[in-house]
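I have placed the structure first, in the form of structure tokens, so that the comments after it can refer back to it.
Just so it is clear, none of the values below were taken in a lab; they were calculated from the coordinates. Predicted, not measured: the structure shown is a model, and the values here were computed from it. Here the Cβ is made from the backbone with ideal geometry for all residues, glycine too, and neighbour counts use every protein chain on show.
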Amino acid sequence: MISISSIREYMFCPHKFYLRHSLGDRDEENVFLSKRMKRLRIDVYDLIQRNIRGLKAEMSLDDIKNNLKRTIKEVLESSLNILKEDYNILQEEIDRIKMDIVNEVCFKIDILSLKSLKAMQSLESDGHKIAEMFFPTSMYNYLMRDLNLEIIGSCDKIEIVDGRYYPINIKVFNPPIAGVWDSDAIELVANAILIEQEFDSEVFVGFIDYSKICERRPVIMDSKLRKGLFKVLHEMKEIIDGDIISETKFDSKKCGSCSYQELCYMNDENQSINAFY
Ligand code: SF4
């Protein structure tokens with residue numbers, strides 16, 4: 001079975017996927033940490049979603065903001081303290097992570113407060129009603145597998161609107177100028193295919209939520225993208241079966257933070273480690 005996270009890794013660098021497959025995981029702790037960080041963001045967004053239900057039509061913009069922020073600080077602090085102990089993270093790093101999340105959440109709350117105020121005034125409704133409008137029924141981290149394609153993985157969020165399923169992946173890094181990164185699109189179409197198999201329902205579109213800039217970008221599940229995924233899966237299977245050995249392709253942006261850097265460098269003595277920087 002090929003996991004969706006390894007599809008992402010292959011898209012990042014085929015050689016990294018090859019090395020991890022042949023030598024074992026060097027990034028295990030980082031992968032767990034980034035999963036926990038994503039879970040923490042989902043928990044905070046979930047809290048905002050619950051807080052919106054308590055809004056009243058007569059509230060001012062400041063009241064709305066304060067209501068949406070309720071208990072987020074406490075949840076964030078206790079979760080980060082647990083994270084710090086579990087992973088032995090320095091306080092400096094915890095402060096940096098906290099600052100990133102707080103900036104992101106404040107931005108989201110500012111936008112959502114304005115939208116909520118406008119929606120409550122226009123529809124003459126309270127928060128309970130507009131929460132249904134803004135946040136459709138959703139499933140989080142739903143694990144799925146496709147035995148024919150031999151892929152397994154979970155989607156960050158699946159929204160269900162009028163019986164249709166929409167895969168959503170949440171990304172904490174910067175988006176491209178327009179559209180989504182190729183790797184994000186390939187990962188999302190893999191999720192879409194798993195949803196189609198699991199729920200017997202065709203998926204036409206999915207979304208990437210770039211949380212840093214609070215923007216949702218659509219991805220159309222067309223045949224070109226689906227073929228792109230099948231090509232990637234075929235190439236990954238060739239590496240897994242030992243039919244091909246991927247070549248090292250140095251890239252200063254990617255290699256600088258890669259845990260297999262030393263190995264790649266050793267295997268290619270003509271390359272200078274200084275080329276990374
Ligand atoms: S060091 Fe660079 S080439 Fe080597 S596996 Fe990592 S990203 Fe790929």
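Data overview
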read-out: Sites ASP63 and LYS254 - FRET efficiency at Förster radius 51 Å, r taken between beta-carbons, to 0.05; value: 0.65
read-out: Where GluC sites (Glu not before Pro) fall in DSSP loop in segment 94-150, at most 14 other Cβ within 10 Å; value: GLU124, GLU150
read-out: Rounded if a/c under 1.5, otherwise prolate or oblate - segment 138-204, Cα gyration tensor axes; value: prolate
read-out: In nm, spacing of pseudo-spin labels at GLU85 and LYS98 (7 Å Cα→C-beta vector); value: 1.6 nm
read-out: Burial order of peptide ranges 9-21, 253-265, 33-45 (average beta-carbon count within 10 Å, highest first); value: 9-21, 33-45, 253-265
read-out: Residues GLU202 and LYS73, FRET efficiency given R0 of 41 Å [Cβ-Cβ distance, rounded to 0.05]; value: 0.45
read-out: Cα-projected label distance for ASN174 with LEU147, points at 7 Å along beta-carbon direction, nm; value: 4.6 nm
read-out: Förster radius 25 Å - calculated FRET efficiency between VAL31 and PHE134, Cβ distance, rounded to 0.05; value: 0.20
